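Here the structure is laid out as C-alpha cells; the discussion comes afterwards.
Every read-out reported here was derived from the displayed coordinates using simple, explicitly stated rules and does not represent laboratory data. Computed from a predicted structure; not experimentally measured. In this analysis, Cβ positions are derived from the backbone assuming ideal geometry, glycine residues included, and neighbour counts consider all displayed protein chains.
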Ligand code: SF4
C-alpha cells in the first residue's frame with residue numbers, strides 16, 4: 001500500500017448500516033465533474049472543498065474497528081480519485097473485508113476505463129458497485145441499497161466473469 005497517497009473527502013461515517021451489508025466505514029469523497037442535470041448534491045462537486053486525508057489514516061481507522069464488515073466508497077465521485085482508493089481497497093481485501101462503491105458512472109463506462117484506467121482497476125477491487133446517479137424522478141423508498149430505480153446493485157466478480165452486468169440478488 002502506498003501510504004503517501006491522499007484522498008479528498010467530504011466526510012466519513014464510522015458505523016454505517018445503510019451503505020451496504022453489515023457495519024461499514026462509509027467514505028464520501030469530495031469532487032465530481034459529471035454535472036448531471038438536477039444533481040441533488042452540488043456541494044460535492046468542488047475538488048478543492050472538503051479535506052485531505054491519507055490512505056494510511058483511513059486504513060488505521062478500519063483496522064481499529066473489529067465490528068466492520070467492510071467499507072463503502074460514495075461521493076462526490078469516488079472513481080475520479082481511483083488511483084488513491086485502489087491502495088486502500090487492496091488493503092481492505094487483504095484483511096478479508098468487502099468493498100462496495102457508489103458511482104455516477106455506469107458499470108460499462110468504468111470497464112472501458114472511463115474516467116481513467118485507474119477507475120477500471122478500482123472496479124475490479126469492488127465486490128459490489130451501485131451504478132448511476134441518484135435521480136429524484138426515479139426515487140423509490142422500496143429499494144434496497146439504492147435510492148432510485150435507474151441504479152443497479154451489481155455483483156462485480158460475476159459481471160466480470162459473464163462479460164455483462166449481473167445484478168446482485170437482493
Ligand atoms: S454523479 Fe452524482 S454527485 Fe456527480 S453530478 Fe451526477 S448526481 Fe451529482
Extreme residue, nearest to residue 47 (Cα to Cα), among residues of region 13-26 that are without any contact (Cβ under 8 Å) to a residue 60 or more places away in the chain and under 12 Å from the mean Cα position of the chain (by Cα): 26
Qualifying residue in region 4-17 (condition: over 24 Å from residue 92 (Cβ atoms) and more than 13 Å from the ligand (Cβ to nearest atom)): no
Count of residues meeting criterion [under 18 Å from residue 81 (Cβ atoms), away from the ligand (no atom under 16 Å from the Cβ) and in a loop (DSSP other than H, G, I, E, B)] in region 49-65: 0
Boolean, residue 82 is in contact with a helix residue (DSSP H, G or I) (Cβ under 9 Å, 6 or more places away or on another chain) and assigned to a loop (DSSP other than H, G, I, E, B): no
Matching residues, region 18-48, being near the ligand (Cβ under 9 Å from one of its atoms) and surrounded by fewer than 19 Cβ atoms within 10 Å (Cβ to Cβ): 33, 34, 35, 36, 37, 38, 39, 40, 41, 42, 45
Filter result for residue 139 (at negative phi and in contact (Cβ under 8 Å) with a residue 12 or more places away in the chain): no
Residue among 170, 123, 129 that is in a helix (DSSP H, G or I) and touching a strand residue (DSSP E or B) at 6+ places or on another chain (Cβ under 7 Å): 123
Looking only at region 66-114, and only at residues there that are within 16 Å of the ligand (Cβ to nearest atom), without any contact (Cβ under 8 Å) to a residue 40 or more places away in the chain and over 14 Å from the mean Cα position of the chain (by Cα), the one that is nearest to residue 160 (Cα to Cα): 109
Enumeration of residues in region 118-164 that are in contact with a helix residue (DSSP H, G or I) (Cβ under 8 Å, 6 or more places away or on another chain) and over 24 Å from residue 22 (Cβ atoms): 118, 119, 120, 121, 149, 150
